[in-house]
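This report concerns only the one structure given below.
The values are calculated or read from the model by the stated rules, or taken from the named source; none is laboratory data. Everything numeric here is computed off the predicted structure, so don't read it as measured data. Virtual Cβ from ideal backbone geometry, glycine too; neighbours counted across all protein chains shown.
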Amino acid sequence: MNTENFEIKAYPEMWESLNMDVERFDKMRLMLGEIYGKTYLTQKNRPNSMAYFDNMIAEIHGGRIQELLNAKKEGKPVVGTFCVYIPEEIVLAAGGVCVGLCGGSQGSVPDAEKILPRNICPMVKSAFGFKAGRICPYFQAVDFVYGETTCDAKKKTWEILNQMVPTYVMEIPQTKKPSAVDMWLSEVKDFKTKVESIAGSEVTLDKLEEAVKVMNNKRKALQRLNNLRHADPTPISGKDVLLIEQIAFYDEPVRFVAKVNSLCDELEQRIADGVTVQDSSAARIMVAGVPMALPNWKLHNLVEGAGGVIVNEESCIGTRYYKDLMKENTGDMESILKELTRRYMQIDCSCFTPNDERIDQVLKEYKESGAHGLIHYSLQFCHTYNVEEVKIRKACEKQGIPYMFIESDYSPEDVGQIQTRVEAFLEQISE
Ligand code: SF4
Ligand code: SF4
């Protein structure tokens with residue numbers, strides 16, 4: 001595929017049936033296709049296996065939506081998600097589908113700002129705006145949305161979102177004390193009951209164990225990909241890995257695993273043959289911080305456009321999603337739910353206090369990735385990541401790690417300024 005023949009396919013009849021603002025959405029489709037072409041298809045020497053992921057983008061508003069609608073027709077629950085704390089295994093065990101809802105576009109922010117305050121995180125505004133403006137087929141297709149109480153902007157937004165689409169809120173504690181573990185377990189059990197009520201059937205131990213295997217396989221495939229990109233020189237661009245990490249949130253998991261593993265086979269061959277996407281002097285950058293939801297490719301595009309390469313994302317759309325596996329054979333329902341809770345509690349989101357595990361994890365990933373410098377990326381008004389940045393910066397200073405902090409939103413206004421800073425940072429690293 002190249003920029004000339006790429007397009008995101010249009011499905012106006014389907015969108016009409018989903019009560020979307022079709023005219024406006026179609027314009028957004030064309031814009032997204034153009035941005036994708038310029039950002040992705042102009043890259044040189046991409047692995048051939050990226051064709052599948054290009055096609056996932058081409059079909060993002062049609063083919064995958066049709067699969068969700070088919071699942072719904074069969075009575076399977078389709079759950080929209082925003083956060084990596086959703087116990088996906090439970091939805092899968094009920095035969096259902098989890099889809100990550102987009103929250104990475106400036107296009108939907110004005111819709112949100114008609115209702116919500118302007119001075120909250122752009123990810124929350126972007127996601128909410130997609131529903132308020134009826135410009136996301138995923139939002140229109142879901143049975144319910146899973147929200148969580150990880151941050152204030154989100155938990156208060158769910159109350160308003162619930163007036164537009166059923167929004168189920170799971171309480172996520174903000175510490176990891178024993179009492180918090182008990183509370184989390186009881187929230188997991190409540191979520192299971194909710195999913196069973198939509199599915200009309202019980203989530204049995206066998207089904208849950210099967211779902212755990214599917215999710216472990218998905219996480220292992222993503223871990224394998226991340227390990228391979230750490231090769232020096234790297235066989236794949238950071239932009240391409242970010243894209244796969246984003247698609248992980250809406251593709252069918254078994255098919256996705258097969259495609260990621262085929263890509264990994266190709267990358268192993270590229271490493272053996274010395275095929276690379278960068279010249280050997282390129283600065284290797286690790287990014288840490290808030291998730292970059294589709295279609296937020298801003299920072300990766302700037303770093304790689306300036307001659308650097310991104311070799312790791314310590315983020316929810318990144319390692320925080322796949323670093324932890326679960327025990328597969330636990331023996332009974334109570335034990336498997338406890339193990340599920342244990343696994344999800346290892347995610348080191350900045351909403352927790354204290355959260356020193358994350359500082360250690362960032363340093364560990366930095367070392368493993370062979371990076372030459374670290375960029376902490378945060379979104380405006382994300383208080384927890386912005387404050388935690390102080391500790392990350394100090395830890396990097398202590399270790400002598402070249403470091404830069406970027407706080408941004410989705411508007412193009414700060415692109416010039418960030419570009420100048422990124423270029424200076426890459427130069428500093430190369431000296
Ligand atoms: S940063 Fe925290 S709140 Fe946001 S998606 Fe990740 S775990 Fe959820
Ligand atoms: S980036 Fe921060 S403020 Fe935004 S949704 Fe995530 S935790 Fe909340």
Give, as residue ranges, the helices (runs of 4 or more DSSP H) completely inside the stretch 116-188 that count at least 1 residues that are modelled with pLDDT of 95 or more, surrounded by fewer than 20 Cβ atoms within 10 Å (Cβ to Cβ) and among the basic types (K, R). 152-161
For the subset of the stretch 81-127 comprising residues that are over 27 Å from M333 (Cβ atoms) and of a type in the set (S, T, N, Q), which member is farthest from the chain's Cα centre (by Cα)? N119
From the list G80, G75, pick out the single residue that is surrounded by 23 or more Cβ atoms within 10 Å (Cβ to Cβ) and either within 16 Å of ligand 2 (Cβ to nearest atom) or of a type outside the set (A, V, I, L, M, F, W, C) (or both). G80
Count of the stretch 375-426 residues which are farther than 24 Å from A282 by Cβ, of a type in the set (S, T, Y) and in contact with a Phe, Trp or Tyr (Cβ under 9 Å, 6 or more places away or on another chain): 3
Just to be sure before I move on: is A153 under 19 Å from A293 (Cα atoms) and in contact (Cβ under 8 Å) with a residue 40 or more places away in the chain in the structure I sent? yes
For the stretch 56-114 the number of residues that are in a strand (DSSP E or B), away from ligand 1 (no atom under 16 Å from the Cβ) and in contact with an Asp or Glu (Cβ under 6 Å, 6 or more places away or on another chain) is 1
Regarding V203, is this residue out of contact with any strand residue (DSSP E or B) (no Cβ under 7 Å at 6 or more places or on another chain) and either outside any helix (DSSP H, G or I) or under 18 Å from H300 (Cα atoms) (or both)? yes
If the Cβ limit is 8 Å and pairs must be 6+ apart or interchain, which residue in the stretch 294-318 that is closer than 19 Å to M31 by Cβ pairs with which residue that is in a strand (DSSP E or B) and not hydrophobic (A, V, I, L, M, F, W, C)? L294/G100; K298/S408
Look through the stretch 386-396, keep the residues that are within 19 Å of V303 (Cβ to Cβ) and buried (at least 19 other Cβ atoms within 10 Å of the Cβ), and return whichever of them is farthest from ligand 1 (Cβ to nearest atom). C396
For the stretch 357-377: of the residues being among the charged types (D, E, K, R) and within 16 Å of ligand 1 (Cβ to nearest atom), which is surrounded by the fewest Cβ atoms within 10 Å (Cβ to Cβ)? E357
The listed residue being more than 18 Å from the chain's Cα centre (by Cα), of a type outside the set (A, V, I, L, M), farther than 30 Å from I359 by Cα and surrounded by fewer than 22 Cβ atoms within 10 Å (Cβ to Cβ), out of S281, S262: S262
